[in-house]
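*Asks:* The structure's right below; bear with me while I get my questions together.
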Amino acid sequence: MDGMAKEKIVEASENNVSGILYKWVNFGKGWRPRWFSLQDGVLSYYKIHGPNKIHAISKGIRIIGEESRKLSKKQNNYYFSDEKRHPKTYGEIYIKISSFKASKSDERKFYIFTGIKTLHLRAETREDRQAWMDALRATKESFQRSWADSVALPESQEIAISTGTLRKRLTEEGLSEEAIRDCEDIMNSEFAVLQQQLRLLQKKNIHLIEKLRQLQAEKMELEAKVVDETENSMHGAHCSGESMPEDCHGTDSDTDEEKETRVEVEADTDEEDDVYFDTTEFLGADALSGQSSFKLSRESPGAGSPPSRSATHVDGANTVMNVVDSSYPLIERRKRLPEPKEIEKSVSLWSLIKDNIGKDLTKVCLPVYFNEPISFLQKCFEDMEYSYLLDRAYEYGKQGNYLMRVLHVAAFAVSGYASSEGRTCKPFNPLLGETYEADYPDKGIRFISEKVSHHPMTIACHCEGRGWVFWGDSTLKSRFWGRSIQLDPIGILTLKFADGEVFQWSKVTTSIYNIILGKLYCEHYGTMHIQGNRQLSCKLKFKEQSIMERNPHQVQGYVHDKTGNKLATLIGRWDESMYFVMRDIAEKSRSYDPMSEAVLLWRKNPPPEFPTRYNLTSFAITLNEITPGLQEKLPLTDSRLRPDQRHLECGEYELANAEKLRLEQNQRQAYRLQEKGWQPRWFKRENDRNTYRYLGGYWEARENAHWEGCPHIFGLNVPDTCQD
């Protein structure tokens, strides 16, 4: 065995350590002891089952910590040599792709960041923490040295460049030896410059990746410090004289299971790892990387805007067809919100929700400063901004092109997420029985929505277009994970065309990140199945953004028939545009460029001329507007008449807060009304399917102004404009 091999074995032996570390699990369990073992560059951890049952310790492993050494001595000799025993590994961390950070607020704590999850760890003493940190760093450095030796260009020896072929060719041309040597010198000097540039790029890349990991680790430390301080302050308040004794010692109803489900910081939690789909499942890694906006060899005319009278559209077979005639009556709608009358207060979201850890956030009463001036009822209609895609889908079906129909339906399903980019404020929770109508003849649609259940909060909607009807209901299930809020929509959306073809799908998961620190942003991820009742269906995957992702918000999918044959591929981003290719591009070689054949289906509308602090789109700005002559036609339950929402739109924050508090106090009786058999006015629950369907009659009642039986749920008359 040579000296280098011996050196590596000695180095590995010194870095292989084991011992007890306390790991943060969640707010219910807190810090729990785990047996950690660092061997061959992998940090594994196991649960400790009793005082004499820890993970088997291999020979030559250094034990860190006095308590760990005492525990290891209690093991029987046969236990250490028993190779048949394989305790369950609850986690493995690969050190070569991880970074570490010691806490500045606690001399025993440190963090391990992998890029996907963070381990919050605590040693018994400061010396033990230092020993663990030294072992981890030494292991990481050994990998970095071996990696640098294998990939770095040699400093003292240049890469050999053969000039034999060049010399032979120049000799055949009759050049002199001096001229041939000059050509060789020129070529070698050019390659030397390229080699130097490659070295610089390698060093820069390594430095940037390491810097990114360090910044993320520092961010995790700050967030963990905030969580720890909040936990301590909450515990102190609970055990003070201001609260009941049960709050300190627990009650019979406060079971361990309930404690575990209260909240979990976004860290490693001894649970099964989340499953993430591969971004290259449909496309090669180089197919979309680095492209912030796609460039096409051809584009469907008018694909990014509603169709006009003279608009044509190019389908997959390069045939041209007329789209829906759009000689709709034009209604002038506003392009900006009223100027705020007051200066908005700065309020910390974390300071409000920290006392509601573990609660359903739909029941948490937040100040009006965290709302945007539209309700969830109006938010449902915002998904219809690009309804012209359904008009086109209907026309394609009339021509017998059902593949283009399902492609446009898929683009419509994605387009509903485009307005969420940059929207960090929460829509108003509707009152029980609150409604919203939207009559947009210029878009050829009319829409009605109603809050049909208080607990759980459920909203039902119904929209009629030109040759199609769209309906559905939605219930949001929310979970608070410390640094993020996860929203899982429950409900089925249904689209039915006049010729009988039906498509159904459900929305994907939405998460809001950086609740504690950093800039708030939202992300949509999951799989959307658009199921058709005839031959064609569609499957779309919304990719979850990773920390190293350069091209976020990706959506990838395909259209398939009943036998599973892939007929077309969809690619794009939910905040930008969607394209299709008439083939299964996953079967192509990695050198194939899908964008060379891609055709634009949909593009997001440009931002409004007058931006709002809520980042509302041009379409969203019009949702709460009361156009001339409209207020006399509205029922008393319409969201436009809600006073707190109207005051917020006008920038009257104090009045909005007071009205919101008044309405929420009145709404506390809604659950009792629901228990007594309260029923929605315009929708009925289908017991066999557990969904809500529109009963009809709303637009007839509106035409005749017959609103008898509609409760005055707001209790105040709201002007259609802001008062000076």
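*Asks:* Looking at Glu659, Glu664, Glu708, Glu703 in this structure, which one is over 36 Å from the mean Cα position of the chain (by Cα) and in a helix (DSSP H, G or I)?
*Replies:* Glu703
*Asks:* Here's something else I'd like to know. Can you pull out the residues in region 87-97 that are in contact (Cβ under 8 Å) with a residue 60 or more places away in the chain and surrounded by 18 or more Cβ atoms within 10 Å (Cβ to Cβ)?
*Replies:* Within region 87-97, just Gly91 meets the criteria.
*Asks:* Being surrounded by fewer than 16 Cβ atoms within 10 Å (Cβ to Cβ) and among the aliphatic types (A, V, I, L, M) is the filter; apply it to region 475-524 and report the residue that is nearest to Phe412 (Cα to Cα).
*Replies:* Val502
Residue-wise test of (1) closer than 30 Å to Glu632 by Cα; (2) in the same structural domain as Leu648 (by TED's automatic domain parsing); (3) in a strand (DSSP E or B); (4) touching a residue at least 24 places away in the same chain (Cβ under 8 Å).
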{"residue": "Phe412", "(1), (2), (3), (4)": "no, yes, no, yes"}
{"residue": "Leu432", "(1), (2), (3), (4)": "yes, yes, no, yes"}
{"residue": "Ile485", "(1), (2), (3), (4)": "no, yes, yes, yes"}
{"residue": "Ile515", "(1), (2), (3), (4)": "no, yes, no, yes"}
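*Asks:* Here's something else I'd like to know. Looking only at region 678-686, decide whether some residue is surrounded by fewer than 19 Cβ atoms within 10 Å (Cβ to Cβ), at pLDDT 85 or above and outside the structural domain of Cys461 (by TED's automatic domain parsing).
*Replies:* Looking through region 678-686, none of the residues is surrounded by fewer than 19 Cβ atoms within 10 Å (Cβ to Cβ), at pLDDT 85 or above and outside the structural domain of Cys461 (by TED's automatic domain parsing).
*Asks:* With more than 32 Å from the chain's Cα centre (by Cα), at pLDDT below 85 and of a type in the set (Val, Ile, Thr) as the only criterion, which of Thr165, Thr125, Thr114 stands out? Spell out how you get there, then give the answer.
*Replies:* Working: Thr125 fails: at pLDDT below 85; Thr114 fails: more than 32 Å from the chain's Cα centre (by Cα).
Only one candidate qualifies: Thr165.
The values are calculated or read from the model by the stated rules, or taken from the named source; none is laboratory data. Note that this is a predicted model, so its numbers are computed, not measured. So basically every Cβ, Gly included, is an ideal-geometry build from the backbone, and we count neighbours across all protein chains shown.
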